[in-house]
Amino acid sequence: MAATALCALGAQAIAATSGGVGTGGTGGTGTATEGVFPVRGHHTYGDGLGAGRNHEGQDILAKCGKPIVAAQPGRVGFVDYQSAAGNYVVIDGQGKANDTVYMHLLHRSSVRKGQHVEAGEQLGLVGQTGDATACHLHFEMWSPPGWYKGGSLVDPLPYLKRWDKSS
């Protein structure tokens with residue numbers, strides 16, 4: 001089974017147990033509808049939805065250690081580690097925006113469950129934790145009511161490309 005398929009399966013396990021090239025500039029504050037690109041620094045796009053193996057997000061390849069920021073504002077829903085997803089953070093859009101999920105962070109995020117974060121606020125660093133085979137951010141979006149709470153998987157690529165152009 002491919003590592004990214006395990007990532008998708010890992011997200012399901014987490015829920016069950018815990019309830020292009022761009023530069024990714026540093027500008028822009030973003031809003032719930034605008035958002036900001038989640039990786040600060042040079043990056044390329046990797047596998048997207050499906051990818052022949054039930055991949056539930058968009059991979060953004062970047063050097064390990066590059067900053068990862070919240071793409072949209074919300075409240076931190078989960079900060080944890082899971083064997084497939086590695087270190088991960090889930091930002092709850094609180095019914096106003098999509099939930100955003102950030103996997104394979106280099107270290108456990110310093111944000112805490114329940115904390116409010118703004119778009120552009122640092123969540124962690126690009127890593128290769130869990131079943132990742134290269135340094136990257138696995139980024140997911142889920143429609144309200146949210147990540148494994150009845151929401152639907154949203155293709156993040158159109159959002160990412162728009163945010164990438166404006167960052």
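Restricting attention to the range 78-110, which residues are modelled with pLDDT of 95 or more and of a type in the set (K, R)? R108 - this is the single residue of the range 78-110 that is modelled with pLDDT of 95 or more and of a type in the set (K, R). Tell me, yes or no, whether the range 148-157 has at least one residue that is farther than 15 Å from G35 by Cα and open to solvent by less than 20 Å² (accessible area, probe 1.4 Å). Checked against the condition, which is being farther than 15 Å from G35 by Cα and open to solvent by less than 20 Å² (accessible area, probe 1.4 Å), the range 148-157 yields at least one hit.
Going by what's in this entry, would K165 be described as part of a helix (DSSP H, G or I), under 23 Å from G50 (Cβ atoms) and open to solvent by 20 Å² or more (accessible area, probe 1.4 Å)? Let's see the steps before the verdict.
Working: part of a helix (DSSP H, G or I): yes; under 23 Å from G50 (Cβ atoms): no; open to solvent by 20 Å² or more (accessible area, probe 1.4 Å): yes.
Taking the combined requirement at face value, the residue does not satisfy it.
This table checks each residue for (1) under 14 Å from V101 (Cα atoms); (2) of a type outside the set (F, W, Y); (3) within 14 Å of the chain's Cα centre (by Cα).
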{"site": "V126", "(1), (2), (3)": "yes, yes, yes"}
{"site": "A134", "(1), (2), (3)": "no, yes, no"}
{"site": "H138", "(1), (2), (3)": "yes, yes, yes"}
{"site": "M141", "(1), (2), (3)": "yes, yes, yes"}
{"site": "Y148", "(1), (2), (3)": "yes, no, no"}
{"site": "L157", "(1), (2), (3)": "yes, yes, yes"}
{"site": "K161", "(1), (2), (3)": "no, yes, no"}
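Return the total of residues in the range 114-138 being outside any loop (DSSP other than H, G, I, E, B) and touching a helix residue (DSSP H, G or I) at 6+ places or on another chain (Cβ under 7 Å). Of the residues in that region, 1 qualify. Regarding the range 27-41, can at least one residue be identified that is open to solvent by less than 10 Å² (accessible area, probe 1.4 Å), within 20 Å of K165 (Cα to Cα), of a type in the set (A, V, I, L, M, F, W, C) and not in a strand (DSSP E or B)? Yes, the range 27-41 contains at least one residue that is open to solvent by less than 10 Å² (accessible area, probe 1.4 Å), within 20 Å of K165 (Cα to Cα), of a type in the set (A, V, I, L, M, F, W, C) and not in a strand (DSSP E or B).
The values are calculated or read from the model by the stated rules, or taken from the named source; none is laboratory data. Note that the structure is predicted; figures quoted are calculated from it, not measured. Ideal geometry is used to build each Cβ from the backbone, glycine not excepted, and the neighbour counts take in all protein chains shown. To get the accessible areas, we keep the full protein, side chains included, count just its heavy atoms, and leave off ligands, DNA and RNA. Shrake-Rupley method; radii C 1.70, N 1.55, O 1.52, S 1.80 Å.
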